[in-house]
Amino acid sequence: MDNYEYMNKSCINDDLICEICKNPFIDPVILPSPCEQTFCLKCIQSNLENHSNNCLKCNKKSLTNTDLKNESPILRNMLGKLLVKCCSCSEENIQRSNFFEHIEQKCPKRIVHCSANDIQCPWAGHFDELNQHVNNCPYEELRNFLTKLINDVRRIDELNQLQINFQTLENKFQQQQNQIQQIENENEILNKQINEMEKFENENQILNEQINKMKNFEIELKDLYDFLELTNILIGNFENKIKFLQENLDEFNRIQIKNETLNELYQQEQIQNDSLNKQNQSLQEQLLQDKQEFEQLKQYCEQIQVNNQQLDQQCLLTNEENNHLNEQNQSLQEQLLQYKQEFEQLKQYCEQIQENNQQLNQQCLLNNEENNHLNEQNQSLQEQLLQYKQEFEQLNQYCEQIQENNQQLNQQCLLTNEENNDLNEQNQYLQEQLLQYKQEFEQLKQYCEQSQVDIQQLIEQCSQYNIKIDQLTINIKRLETKLYQPIIQSHKIADKSNYQNNQLEEFIDKCQTSLIVNLNGQKINDHDIDIVINTALINKQCQSLILWNNCLTSYSISILSSSLNINTTLKKLSISKNHLSDIAIKYLSESLSFKNSTLKELVLSSNEITDQGLIYLSNMLKINETLVVFGLQDNKITDKSIQYLSQVIQFNNKVIEEISLYSNKLITDTSIDYIVNMIRNNQSLKTFWIWDCQLSEQGKYKLQQSIQSKIDFDLQLESID
C-alpha cells in the first residue's frame, strides 16, 4: 500500500522494527500478557491466518484478532515522524504520517483520470502528464458532441424504459381490472347465493313452525283418540242399558196385554151380571168391542213397529243392536199372530161364557183386587217406560253427536294426512335444495381456494420475473463493461508495456506452496495487478489469494474480475482493507454471477462497502451456486441492504454456509426479523457471526431463539476472547 522508502533506515531504532517484516511498525499492535510483544497489524494477522494461532513468543496461548490491542499514541507519533522517500517522484524527507497526503494530493506521479472521464475517456496516468493529455485528448475536443450524444442515448434508453414500464404497468392495470371485475362478479354471485340461503333459512324456519304445529295437532289428535275410546266405552254401556230397557219393554208389553185381557173379561162379566137376558147382544157388542180393541192393539203394535224402526234408524252404528231389534220385531209379529189365535180362542170362549158365567162372577170378585194391583203395576211400568224413552232419546242424540264428531275427526285426519304429505314433500324438496346449496358452497369454497393458489402462483411468477429482470440487468451491465473494457485495456497495455516489478515476481515465486499466495501489504497497485494474475493465478495456479492492505482500485478489481472468468483453480479470495468503491464491487459481482464456478470463499472486510455494494453482491448471490463463505465484517452497510441480503439468502440461495457481518456499527434491531427468517428458512446456512453491532439484548435473544431447531448451528453474538 505504501510506495515509499525509509531515509537512513539503518539509523532507525530497533525498538521500532517489526520482527516479522523487519521494517518499522505499520499500525502497531501489542500482544496480551505475558508476552506483550509489538508487531505490525498486517504481519501478525497474516501469521495467524496462514500459520499458527499460537503466540510467536511463548507458543502457548491461542490468539485471535480480538486479542490484539493498539499500541500507545506515543509510539505511533514516533513512527509517523520517520522520514521517507517517495518511490514515484523521488521526493525525500517526507514524514511517514504525511505520505498519504503527498501521494494523494502532491505527488506529480500520482495516478489521475482525464477530465473527460465523465464522457467515457479511458485515460488514467501520472499527474504531470495530465495537461499534455488534456491538450491532445480527442474526447475533450468532442465533448459537446459526445455529451449531447450520451445525453440523447440516455434519454432514448430512459424513454424506451419508460415505454416498457408504461406497457408493463398498463398490462398490470388491465390484469388488475380483469381481476377486480372477476371478483365483483364472484361477489355478486355470492350475494345471490347468500340471499337464497337466507330465503332457505326463512322457509326452513316456517317449516319448523309447521312441524311444531303438527306435533301439537298430533297431541290433540291423540287426545281425541282417547276421547273416542272413552266414547266407545260409554256407547257399550248405553247399549247394555238399551238391551236391558228392551227386555223390560217386552215384559211390560206382555203384562199390558194380560191386563187388557183381564179388563175385557171383567167388563164382560159386569155386562153378564147386569143383564143375563141381553148376553147375546152383550156378547155381540163385546165382540165388536173386542174387534175395536184388536184394531187398537194392532195399531199399538204398528206403533211399536214404527218405534222399532226408529230405534233401528237411531242404532245404525251397532250391528248387534240392529240384530236384536230385528229379533224383537219378529217376536212382536209372532205375538201378533198369537193374539190373533187367542182372539179366535176368545170367540170360542165367548160361546162358553154363558156356561161359565157363574164361575166368572165368582172369579171377578177375586180378580178385582188383582186387577187393582195390576193397574198400579201398569202405571208404574208406564212411568218407567217414559223415563227409559227419554234416556234412550238422549242416548240417541249423544250417539248422533259422536257420529258427527267421528266424521269431523275423519275429515280432519284426512286433511292432516294431506298436509303431512305436502309438508313432507316440501321438507324433502328443501332438504334437496339445502344439499344443492351445500354442494354449490363447497364448489365456491374450492374455487376460492384455487383462486388463492393461482394468486400465490402469480406472486411466485412475479418474483421469478423480478429475478430474471435482475439477471438481464446484470447481463446488460456486463455487456457495457465488455464494450468499454477493450479501450481501457488497450490504453493500459500501451501505457504499461514497459512496466516491471521484479521484486513482486520474486516474492510470489518464493511462496513455499502453490496453494496459498499471501500478498498482504505488498503495495500492489494498478500496475502490479497483471503481474499478480500472470504469476499467481496463471503460472502457480494458486487456490488461495490474499490481497490485504494494498492499493487496489476499481480498475485493478475489473482486471482481476476478468481473469476470474477463465480461472478454474482459485477457491479463496481475500481483498480486505483496500478501500474499494462500489464500482469495484460491481465488477467483482458481475464476474462471479455467471462465469466463475470454482471460488468458494470471498472475504471483503474493512473496505468501507456501502449499501449499494452489498446490493450488487446480493444480486450475485441470487445466481452464484459455488460460493459458501461470505465475509463482510467491518464495513459501512446499514439495515436497508442487510434486509435485502437476508431475503436473497432466504429465498434465492441454497448453497451459502457461512456469513460474517460483525463490526458493522450501522446494523440495528430493524434487521432482526429479516435475519431470523433467513436463519429459519435457509437450510444450507451453518455459521453466522454478527457481534459488535448495534443490537439490543432483546434482538440477540430473538436470534438465539431462531436457532433452537437448528443442529450444530454456529451463531456468534459476542466477540471471542
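One table, with the values for the structure above:
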{"item": "Count - residues of the range 4-45 that are in contact with a Gly (Cβ under 8 Å, 6 or more places away or on another chain) and open to solvent by 20 Å² or more (accessible area, probe 1.4 Å)", "result": "3"}
{"item": "Residue ID - nearest to Gln431 (Cα to Cα), chosen from residues in the range 225-240 that are open to solvent by less than 60 Å² (accessible area, probe 1.4 Å) and in contact (Cβ under 8 Å) with a residue 60 or more places away in the chain", "result": "Leu228"}
{"item": "Count - residues of the range 108-121 that are of a type outside the set (A, V, I, L, M, F, W, C) and closer than 20 Å to Cys551 by Cβ", "result": "5"}
{"item": "Hits in the range 681-700 (condition: over 24 Å from Thr64 (Cα atoms), touching an Asp or Glu at 6+ places or on another chain (Cβ under 8 Å) and open to solvent by 60 Å² or more (accessible area, probe 1.4 Å))", "result": "Gln698"}
{"item": "The range 431-443 - residue that is of a type outside the set (D, E, K, R) and at pLDDT 70 or above and, of those, nearest to the chain's Cα centre (by Cα)", "result": "Gln443"}
{"item": "Asp673 vs. criteria surrounded by 13 or more Cβ atoms within 10 Å (Cβ to Cβ) and in a helix (DSSP H, G or I)", "result": "yes"}
{"item": "Sole exception among (1) open to solvent by 90 Å² or more (accessible area, probe 1.4 Å); (2) without any contact (Cβ under 8 Å) to a residue 24 or more places away in the chain for Lys243, by number", "result": "(2)"}
{"item": "In the range 185-209, residue farthest from Gln436 (Cα to Cα) [restricted to those that are at pLDDT below 80 and open to solvent by less than 60 Å² (accessible area, probe 1.4 Å)]", "result": "Leu207"}
{"item": "Qualifying residues in the range 594-648 (those that are open to solvent by 50 Å² or more (accessible area, probe 1.4 Å) and either part of a helix (DSSP H, G or I) or among the aromatic types (Phe, Trp, Tyr) (or both)) - the one nearest to His579 (Cα to Cα)", "result": "Gln612"}
{"item": "Some residue of the range 604-612 being under 26 Å from Leu552 (Cα atoms), assigned by the TED database to the domain that holds Glu590, without any contact (Cβ under 8 Å) to a residue 40 or more places away in the chain and touching a Gly at 6+ places or on another chain (Cβ under 7 Å)", "result": "yes"}
{"item": "Cross-chain or 6+ apart pairs with Cβ under 9 Å, the range 142-163 first and in contact (Cβ under 8 Å) with a residue 12 or more places away in the chain, then among the aromatic types (Phe, Trp, Tyr)", "result": "Leu146/Tyr139"}
{"item": "Residue in the range 655-665 that is closer than 25 Å to His579 by Cα and in contact with a Cys (Cβ under 6 Å, 6 or more places away or on another chain) present", "result": "yes"}
{"item": "Single unsatisfied condition, Asp528 versus (1) modelled with pLDDT of 85 or more; (2) under 60 Å from the mean Cα position of the chain (by Cα); (3) open to solvent by less than 80 Å² (accessible area, probe 1.4 Å)", "result": "(2)"}
{"item": "Flag for Leu703 being hydrophobic (A, V, I, L, M, F, W, C), assigned to a strand (DSSP E or B) and surrounded by fewer than 19 Cβ atoms within 10 Å (Cβ to Cβ)", "result": "no"}
{"item": "Unique match (being within 19 Å of Asn550 (Cβ to Cβ), among the β-branched types (Val, Ile, Thr) and at pLDDT below 85) among Ile44, Ile26", "result": "Ile44"}
{"item": "Output for the range 560-582, where each listed residue is part of a helix (DSSP H, G or I) and modelled with pLDDT under 90", "result": "Ser561, Ser562, Ser563, Leu564, Asp582"}
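The values are calculated or read from the model by the stated rules, or taken from the named source; none is laboratory data. Keep in mind that what you see is a predicted model, and the values were worked out from it rather than measured. For neighbour counting, all protein chains shown are included, and Cβ atoms are generated from backbone atoms with ideal geometry for every residue, glycine included. Heavy atoms of the whole protein, side chains included, go into the accessibility calculation; ligands, DNA and RNA do not. Shrake-Rupley method; radii C 1.70, N 1.55, O 1.52, S 1.80 Å.
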